[in-house]
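This report refers to the structure that appears directly beneath it.
The values are calculated or read from the model by the stated rules, or taken from the named source; none is laboratory data. Computed from a predicted model, the values in this text were never measured in an experiment. Glycine gets a Cβ as well: all are built from the backbone with ideal geometry, and neighbour counts include every protein chain shown. Areas reflect the complete protein model, heavy atoms only, side chains present, ligands, DNA and RNA absent. Shrake-Rupley method; radii C 1.70, N 1.55, O 1.52, S 1.80 Å.
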Amino acid sequence: MAKTVTPNAISTLFANPSPASSSDVPDIVVQVLDLHPSGNRYMFTANDGTKKLKSILQSSLSSEVLSGKIQNLGLIHVLDYTLNDIRNEKFLIVTNCEPVSPALEAEIKSEQPSITLKPKTESGIDLKPKQGVVSKSAAQIVHEQHGNLAPAARMAMTRRVRPLVSLNPYMGSWTIKVSVTSKGTLRTYKNARGEGCVFNVELTDEDGTQIQATMFNDAARKFYEKFVMGKVYYVSKGTLKVANKQFKTVQNDYEMTLNENSEVEEVASEASFVPETKFNFVPIDQLGPHVNKSDLVDVVGIVKNVSSTMSIRRKSNNETVPKRDITIADESKKTVVVSLWGDLATNIGQELLDMADKSPVVAIKSVKVGDFQGVSLSAISKSLVLIDPEVPEAQKLRFWYDSEGKDTAMAALSSGSITSSGGSRSVYSDRVPLSYITSNPSLGDEKPVFFSIRGYINSIRPDQAMWYRACKTCNKKVSESIDAGYWCESCMKNDQECNLRYIMIARFIDESGEAYISAFNEEAERLIGCSADELGNLRSQEGEENPYQMKLKQATWIPHLLRVSVSQNEYNNEKRQRITARTVVPVDFAVESKILLEDISKMVASH
């Protein structure tokens with residue numbers, strides 16, 4: 001029997017974009033073109049001889065492709081589908097179909113309205129379709145499949161389960177079958193409309209597509225205990241809207257809201273389907289543009305140090321939470337501290353501590369980048385930590401570390417190392433006179449603000465505590481051991497030697513005024529011109545001319561450009577402004593001259 005495509009099939013699909021039930025699905029046969037894998041599913045172009053439409057086979061149909069039943073240039077009978085917009089382009093989402101023919105000899109075109117089946121033969125295997133398969137109607141096949149399925153699967157067909165990729169805000173009723181792959185905490189909030197509670201879950205379907213679902217108040221209380229990590233659910237009667245890019249946590253153009261009338265039913269007989277974890281690693285020396293931003297980053301590094309567990313009291317609710325810091329390094333020869341909280345600190349953190357001497361590789365997904373004591377990373381509730389993962393980046397890093405990295409000197413990533421998308425964070429941007437900062441005492445009240453200033457060190461008090469004794473591994477403060485050496489509370493070990501690291505204050509001056517500025521190790525080294533260990537040696541020397549004080553004096557009246565942060569510190573119940581040097585560079589007089597000429601030109605133009 002001659003088989004070909006349904007005339008005007010694509011137009012029929014557009015006229016019926018989302019059939020309400022299986023009985024409303026039109027009789028559609030299309031040719032499969034450009035069949036290729038995309039993740040754990042297949043994409044193709046549906047062809048009716050006149051028009052073409054980009055299409056996606058649901059992952060449950062991948063076995064039909066792998067077995068050779070659905071072939072490129074072959075014909076399929078579409079039994080269930082949805083049309084949806086993906087990245088502003090129409091896609092046919094095929095959720096159920098039956099193969100009609102293996103590959104034809106050519107693409108069907110309008111001038112060939114009736115091509116008779118001439119199946120290809122490959123490697124001596126006859127791919128001629130079996131008699132009887134093509135003679136059954138779609139309704140017969142669906143009925144037979146329905147009768148042979150397990151109860152959960154029959155329920156899925158009865159409900160007409162849709163893949164997440166097919167959903168959009170304009171659809172009517174829908175049902176999805178998803179696994180809970182991330183669950184947030186039940187949080188309370190307070191705004192102009194009153195108080196309430198909210199929580200989020202990330203849902204994943206069999207194709208690996210994810211969507212974030214949010215529930216407020218009654219719905220949050222109703223479903224918080226219902227949703228359990230790793231379990232599978234049918235979800236229906238929710239609403240979709242365009243995702244807020246600033247807050248979305250998964251790659252989906254839409255986000256879901258469930259209310260108290262939404263339906264969530266557990267599929268108890270099925271195991272969860274967890275998508276393969278995909279990383280987008282950011283090298284440690286390129287974390288700068290992400291500091292204090294809302295986006296999350298993935299990092300991979302060699303574990304250099306693991307601290308003991310600490311208890312931190314939260315300001316928000318006065319509760320204590322366990323915290324553990326790990327220090328990681330990568331091929332950029334930079335290190336950064338990652339703070340693990342809660343279960344990550346006590347479970348994964350302990351596992352890392354037990355194997356710290358083996359320097360394992362960790363891949364960490366979804367961490368926030370902050371500027372605490374330079375640049376630091378902090379895990380959140382949805383962060384994922386994998387130890388020695390089998391990903392190419394981790395294997396490459398392991399090879400580098402074993403061959404040369406373990407003998408390479410590493411430096412902590414300081415705020416002076418921060419880079420932005422346009423290169424180094426410019427000390428020529430946000431330029432202000434010093435008086436602008438000191439005359440605005442409320443600057444940095446809510447969060448640190450950044451400025452650039454140009455001026456000189458006027459004086460450095462020689463009797464201040466210029467440095468602290470630091471652990472050679474983690475740079476944390478150490479104390480003198482009773483027996484000998486120095487004890488590091490963070491590393492929980494005794495060492496015979498330690499480093500000195502700057503933590504100093506200097507008086508800075510420009511043409512508008514003066515202020516005291518704090519500087520940490522890397523920035524202080526640029527200001528003074530030597531390391532804290534070298535300055536410590538000078539301090540221990542005796543003589544008529546004090547070499548220590550001479551070195552501090554030589555550091556004054558040298559022009560510098562500083563990138564500074566301004567924040568508020570509380571001392572004796574009184575808020576005080578704190579100015580901290582984040583970047584220190586010498587003055588480039590050629591660049592400064594150009595800036596002055598530009599300023600003069602602007603002044604002339606304004607008059």
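Which loop-located chymotrypsin sites (Phe, Trp or Tyr not before Pro) does region 212-264 contain, where loop means any DSSP state but H, G, I, E or B and the Cβ has at most 14 other Cβ atoms within 10 Å? Intermediate values should be presented prior to the final figure.
Values: sites: Phe216, Phe223, Tyr224, Phe227, Tyr233, Tyr234, Phe247, Tyr254; in loops: Tyr224, Phe227, Phe247.
Of the chymotrypsin sites (Phe, Trp or Tyr not before Pro), the ones in loops of region 212-264 whose Cβ has at most 14 other Cβ atoms within 10 Å are Phe247.
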- Across region 38-48, in residue order, what do the Karplus-derived ³J(HN,Hα) couplings come to in whole Hz, using 6.51 cos²θ - 1.76 cosθ + 1.60 with θ = phi - 60° and x for Gly and Pro? 9, x, 9, 9, 10, 10, 7, 10, 7, 10, 10
- Task: DSSP loop (so not H, G, I, E, B), at most 11 other Cβ within 10 Å: list which chymotrypsin sites (Phe, Trp or Tyr not before Pro) in region 548-596 pass both filters.
- Result: Trp557
- Residues listed by number, region 47-89, amide nitrogen under 13 Å from Asp24 label point at 7 Å toward C-beta: 81-83
- Long-range amide H contacts for Val587: which residues qualify at under 5 Å (H placed 1.01 Å from N, peptide plane, sequence gap of 5 or more or a different chain)? Leu561
- Hey, can you grab everything whose amide H is under 5 Å from the amide H of Ile86? Only 5+ residues off in sequence or another chain; H modelled, so Pro and N-termini drop out. Phe91
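Quick check on the chain: helices-only [θ] at 222 nm, where DSSP H runs of length 4 and up contribute -39,500 (n - 2.57) each and the sum goes over total residues. Nearest 500, please. Write down the numbers at each step before the final one.
Values: 12 runs with 105 residues, N = 607.
Helices in the chain give a 222 nm mean residue ellipticity of -5000 deg cm²/dmol.
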- Fraction of accessible area attributable to carbon and sulfur, the chain (%, probe 1.4 Å): 49 percent
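Give the residue list of GluC sites (Glu not before Pro) in region 189-235 that are DSSP loop and have at most 14 other beta-carbon atoms within 10 angstrom.
For GluC sites (Glu not before Pro) across region 189-235 that sit outside H, G, I, E and B with at most 14 neighbouring Cβ atoms in 10 Å, the list reads Glu225.
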- Message: Can you give me the long-range amide H partners of Val25? Hydrogens built in the peptide plane at 1.01 Å from N, cutoff under 5 Å, separation of 5 or more residues or another chain.
- Response: none
- Message: Apply the Karplus curve 6.51 cos²θ - 1.76 cosθ + 1.60, θ = phi - 60°, to the phi angles in region 504-509 and return the couplings in whole Hz, x for Gly and Pro.
- Response: 10, 10, 10, 8, 10, 9
- Ranked output for segments 451-461, 361-371 by mean other Cβ atoms within 10 Å, highest leading, reads 361-371, 451-461
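Would you work out the relative contact order for the chain, in percent, from Cα pairs under 8 angstrom that are 6 or more residues apart?
On the way: 1229 pairs, mean separation 43.8, N = 607.
With pairs under 8 Å counted, the relative contact order is 7 percent.
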- Message: If you count only protein heavy atoms with a 1.4 Å probe, what accessible area per residue comes out for the chain, rounded to a whole Å²?
- Response: 54 Å²
- Percent antiparallel among DSSP beta bridges confined to the chain, rounded to 5, stands at 90 percent
- Item | Whole-Hz couplings from phi, Karplus 6.51/-1.76/1.60, listed for region 165-170; x for Gly and Pro | 5, 8, 7, 8, x, 9
- Query: Which entry in (1) 18; (2) 22; (3) 34 matches percent of Cα pairs over 49 Å apart derived from the coordinates of this structure?
  - Reply: (3)
